[in-house]
Structure formats: structure tokens, C-alpha cells
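The structure appears below as C-alpha cells.
The values are calculated or read from the model by the stated rules, or taken from the named source; none is laboratory data. What you see is a predicted model; the values in this text were computed from it and never measured. No Cβ is skipped: glycine too gets one built from the backbone with ideal geometry, and neighbour counts run over all protein chains shown. In case anyone asks, the SASA skips ligands and DNA or RNA and just uses the protein heavy atoms, side chains included. Shrake-Rupley method; radii C 1.70, N 1.55, O 1.52, S 1.80 Å.
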Number of protein chains: 2
Amino acid sequence: MRETDYSLSPIGLLHSPLKELGEAPNQGRAVAAGLEGIAVGDELIVITWLHQAQRDILKTHPRNDETVPLAGVFATRSPDRPNPLGLHQVTVLSIDGKRLHVGPIEAIDGTPVVDIKPVLLQSANA
Amino acid sequence: MRETDYSLSPIGLLHSPLKELGEAPNQGRAVAAGLEGIAVGDELIVITWLHQAQRDILKTHPRNDETVPLAGVFATRSPDRPNPLGLHQVTVLSIDGKRLHVGPIEAIDGTPVVDIKPVLLQSANA
């Protein structure tokens, strides 16, 4: 595999409990143009960086239920995984400049957002 | 925003046209335990790093159709975006050791895989 830089740059932060995607202090302004075309009512997939996750965990009890046998993290939605990306399907509730108010979403306040995509009916690709 | 390392480590590579998720030379063996519990027929979301994407593009013509007005990349599924993550919903066709054969998926041969998650019926979180 060739050497590549796989470094993510946050495009915003999640603000909870207001469930608001605000810009990141540094990069937010730079990428605001990327939001153009997003409208109230749109269904989006927000991709977050689960910054409090443990990256060295490969097996976990699904749903944190210790009575359920251990499973590989890729067979679960556990935040603990080698690359702690979170996928959150949300609806745009309102738009305030560069801030999107979305819901429902369960994430820790200050969780970095790394990408936003529209939901496709046949979400096969990219 | 606190300083954090948002570096992804590929967990595998996509091999096309066989649509096979093979391990990455270095990290693949290390994370194989994370696949335990994945079974033939499972619906998965494969998250890729779209390594040939342009990261400095913020507006694009949806579906590469220049007759469609420019839209912000976050309102499209364009691979060109600040953090070029791809989402691919696939079915597990067969499993051969640490290789998952999946489909359908459209991606360039050698595309790095950074995460795999089960599809949830109500895919609200993480």
C-alpha cells in the first residue's frame, strides 16, 4: 500500500443538547461553501470523529450488554474501533448561517464533524 | 477545539472487480478479530478513504452533470470533498478467512477501507 496521509480535518463541531452543527474555529469558515444547497427537511448522514473512543478495542459486547457474547467491533456500532467514525442519520431542522440544527442525534457535546452527505434512497456508493 | 490526531489507519483494501475486501499489508492482520460475528448475507456499511479525490473542492456539479447548477459538496455524494470518506452499503456474499466478498460496490481497485459497520434499521447513531 502506498504511503498516504489519511488525516481528517474537522469541518465543524456538534453542539449538544442543542443538536447544532457549528463551525470549527479554524476550518469552519473555510468549508462553509460546501453546505450550499442543503435545505430544511433534508435527510443527511453526518460523519463524526468519536474523539472519546478507544481505538485499540477489537471485540466488544453489543449494546454494552455483558450477557451478549463478545463480537468483533466491525459487527457492531460500538464507538470503540480502530478508526472511530460515527454515522448519524439526521434531518435538517433549521439553518442559521453556517449552523445546521439537526436531529435526532446522540453524541457528546464537542464531537468533531468530518463529513456530511445526503441520504440516497439507494445508498450504494460514495 | 483541542488538538487531536485525526489520522485514519486503513483496515483493508478494496479489490475490484472482484469486490473483495482484503487485508491491508500492515494493519490487516492486526484488526482481523474485529470481523468476528460478520456472516454471509449481512448488510454492512463500508467506509472507504477515496484516495484519488480532490480535497480542495467545495462546489461541484451533482452527478458530474454540468447542466445541473453547482452545489456544495456536502449536499452531494461527490468523492471530491475536504475529508474524502466514501459510504458503501453492501451485502456480504462470502467470507474467505479475513477476506469479505461484498457487493454491489463501485470503487477503484486498491481503495483503502477505514471502517465497517452493520446497517441498522433505524440508523440513528454511531
The range A:82-98: number of residues that are surrounded by fewer than 18 Cβ atoms within 10 Å (Cβ to Cβ), under 19 Å from A:VAL31 (Cβ atoms) and of a type outside the set (A, V, I, L, M, F, W, C)
3
Filtering the range A:105-124 down to residues that are open to solvent by 40 Å² or more (accessible area, probe 1.4 Å) and modelled with pLDDT under 90, which residue is nearest to B:GLU106 (Cα to Cα)?
A:GLN122
For B:GLN52, the lone unmet condition from (1) more than 8 Å from every other protein chain (Cβ to nearest Cβ); (2) closer than 17 Å to A:THR76 by Cα; (3) not aliphatic (A, V, I, L, M) is (2)
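For A:SER9, state whether it is modelled with pLDDT under 95, open to solvent by 20 Å² or more (accessible area, probe 1.4 Å), under 11 Å from A:VAL113 (Cα atoms) and among the polar types (S, T, N, Q). If you could, list the steps in order and put the result at the bottom.
Details: modelled with pLDDT under 95: yes; open to solvent by 20 Å² or more (accessible area, probe 1.4 Å): yes; under 11 Å from A:VAL113 (Cα atoms): yes; among the polar types (S, T, N, Q): yes.
Taking the combined requirement at face value, the residue satisfies it.
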Selection from the range A:75-104 of residues within 7 Å of chain B (Cβ to nearest Cβ) and either in contact (Cβ under 8 Å) with a residue 24 or more places away in the chain or part of a strand (DSSP E or B) (or both) yields A:PRO79, A:ARG81, A:PRO82, A:ASN83, A:LEU85, A:GLY86, A:LEU87, A:HIS88, A:GLN89, A:PRO104
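Tell me yes or no: at least one residue of the range A:67-74 is surrounded by 12 or more Cβ atoms within 10 Å (Cβ to Cβ), more than 7 Å from chain B (Cβ to nearest Cβ) and not in a loop (DSSP other than H, G, I, E, B).
So the first thing to find is which residues in the range A:67-74 are surrounded by 12 or more Cβ atoms within 10 Å (Cβ to Cβ), and the list is A:68, A:70-74.
Filter once more, so that each one left must be more than 7 Å from chain B (Cβ to nearest Cβ): A:68, A:70.
Imposing the further condition that a residue be not in a loop (DSSP other than H, G, I, E, B) reduces the set to none.
No, the conditions are met nowhere in the range A:67-74.
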